[in-house]
Amino acid sequence: MSNRVDPNLIKDLQSFGLKDAAKCYNCGNCTAVCPLSTPDNPFPRKLVRYIQLGQKDKILTSPEPWLCYYCGDCSTNCPRGADPGETMMVTRRYLTSLYDWTGFARKFYTSEKFEIMAITIVALLVGIGLLLFNTGNPNWEYAHINSVWPSDKIEIADLVMAAILSFLLLSNVFRCFRFVMGDLAFKIPFKVYAGQLKELLIHTLTQKRFGLCTDKMQWFVHLMIMTGYASVFLLVVVFVNGLGFDNLKFQRDLPEYSIWHPIRLVGYYATFAIMYGTTYAIIGRLRKTKPVYKNSHPTDWMFLILLQLTTMTGIFIHFTRLLNWPATTYFLYIIHMMVAVPMLVLEVPFAKWAHLAYRPVVLFLLKVKEAWQQEQAVTEPQAVAEPVTAVERN
Ligand code: SF4
Ligand code: SF4
């Protein structure tokens, strides 16, 4: 990887939300107080320095932006008000755009107009699609969504959407892997990768490193939103038609499942977790209560608004079905899908939700490098004169 200086880097990053990094005088306080910074992977000062020096290629191959969970400790302790925590957030947005080969993420992050237009177009397409493709024979006596949009047909649409999203996300994850691993990507044997897969699972499910930060509440809120979203994704994409089992169908007409049925419990958990997490974050952003909520990028708002609207319309549908209001239920179903689908197709591969994939993947790759380095130290001591996990320090 070359080490060219990009004189336009700061300007470019400003379009991703960079504000105060130029104020940094490189004292190192932020790295000293960061609970997640390590001697092998020190941050955030190093990233701020790369930005000041226009070192785009170094940023591209850096794993550090994904090691930060944005707790805000560094920003609180920065004597220059350079907001290093926000700078790390900006580099994550920037990296997301660099990993994305379609160029869509860059447009999404750098143009509010484009973001609103993209969401509106997808929402309208979904609305028109639902109006055009239905059974044409709705049950007006009972609120039976399946009489208008049968769950087996919705399942097909869901699976097609999931396949496209997976392809886009995984191809971007592959580029992240190539950048972070560099020449080692295919040099390290597959068995070393396989041996560290549990790390990928642990970090995906628990985000346990976030728990090392001083503000445990941020970890909790993050975890609620992530697990709530993952639960709802499972229900609406995987279990919409119950994988062929009638008693596991998520899109089910009355009679309702008993209150203790697993599908219902997962639905209640997802609703509570998302509403709690997003409401906490929205209030924090409005009041700017913590450094982490001081700066809000348009995509932060869009993410929270889409997530809340999706959940709220889902709650309304639940009640109109129980009250047996067919017309209102069908109308709300269209609105619900017009909000939920843009959130999935735009946020998952190109924006905030993609971070959920990149962070655990990078943590996993660092563990792979570490395991391989240890293996090399035993089998070929001379071959590891330079530790592979050591990253350049400033
Ligand atoms: S960001 Fe602030 S704390 Fe960190 S090195 Fe710069 S001036 Fe010091
Ligand atoms: S926001 Fe928290 S985790 Fe991120 S660099 Fe600052 S102190 Fe470290």
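Read-outs: derived from the displayed coordinates by stated rules, not from any lab. Keep in mind the model is a prediction, meaning the values are calculated, not measured. We place every Cβ from the backbone using ideal geometry, glycine too, and count neighbours over all the protein chains shown.
Magnitude of the charge dipole for segment 1-84, about its Cα centre and with charges confined to Cβ atoms of Lys, Arg (+1) and Asp, Glu (-1), is about 240 debye.
In order along segment 216-228, the phi-based Karplus estimate (6.51 cos²θ - 1.76 cosθ + 1.60, θ = phi - 60°) of 3J(HN,Hα) comes to 5, 4, 5, 4, 4, 4, 4, 5, 4, 5, 5, 6, x Hz; Gly and Pro are listed as x.
Its Cα centre serving as origin, the chain has a Cβ charge dipole (Lys and Arg +1, Asp and Glu -1) of approximately 960 debye. Cysteine residues of the chain whose Cβ has no partner cysteine Cβ closer than 4.7 Å: Cys24, Cys27, Cys34, Cys68, Cys78, Cys176. Sorting Tyr193, Tyr50 by the number of Cβ atoms found within 10 Å of their own Cβ, with the fewest placed first, yields Tyr193, Tyr50.
Bridgeable lysines around Lys153 (alpha carbons under 22 Å apart, same-chain partners fewer than 8 residues away excluded): Lys249. Comparing Val126, Val292, Val160 in a Gaussian network model of the chain where C-alpha atoms under 10 Å apart are linked, the largest mean-square fluctuation is found at Val160. The lysines within cross-link reach of Lys198, meaning a Cα-to-Cα straight distance under 27 Å and a gap of 8 or more places when in the same chain, are Lys187, Lys208, Lys216, Lys352, Lys367, Lys369. Overall, the ratio between the Cα radius of gyration of segment 9-99 and 2.2 N^0.38 Å, rounded to two decimals, is 0.95.
Each peptide in 339-345, 311-317 gets a packing score, the mean of other Cβ atoms within 10 Å over its residues, and the list from highest to lowest is 339-345, 311-317. A dipole drawn for segment 239-394 from +1 and -1 charges on Cβ atoms has a positive end, and of Asn295, His318, Val348 the residue lying farthest that way is Asn295. Within the shell defined by Cβ-Cβ distances under 15 Å, the residues around Leu346 carry a net charge of 0, with Lys and Arg each +1 and Asp and Glu each -1. As a proxy for reagent exposure, Cys68, Cys30 were ordered by neighbouring Cβ count within 10 angstrom, fewest first; the result is Cys68, Cys30.
Using only the alpha-carbon atoms of segment 104-361 as identical scatterers, what base-10 log of I(q)/I(0) does the Debye formula give at q = 0.12 Å⁻¹? With one equal scatterer per Cα and no solvent, log10 I(q)/I(0) is -0.82. Dipole orientation for segment 144-298: of the candidates Leu169, Leu243, Ile282, Ile282 has the Cα lying most toward the positive pole (charges on Cβ; Lys, Arg +1; Asp, Glu -1). For Lys191, the aspartates and glutamates whose Cα falls under 18 Å of its own Cα, not counting residues fewer than eight places away in the same chain, are Asp183, Glu199, Glu370, Glu375, Glu380. From least to most packed, judged by other beta carbons within 10 angstrom and beginning with the fewest, Phe108, Phe331, Phe245, Phe179 follow the order Phe245, Phe331, Phe179, Phe108. Where does the chain land at 222 nm, in deg cm²/dmol rounded to the nearest 500, when only DSSP H runs of n ≥ 4 count, each adding -39500 (n - 2.57), divided by all residues? Mean residue ellipticity, 222 nm, calculated: -19500 deg cm²/dmol. Mean sequence separation of contacting Cα pairs (under 8 Å, at least six apart), scaled by the length of segment 9-99, corresponds to a relative contact order of 38 percent.
Segment 1-29 and segment 318-338 have Cα centres lying 48 Å from one another.
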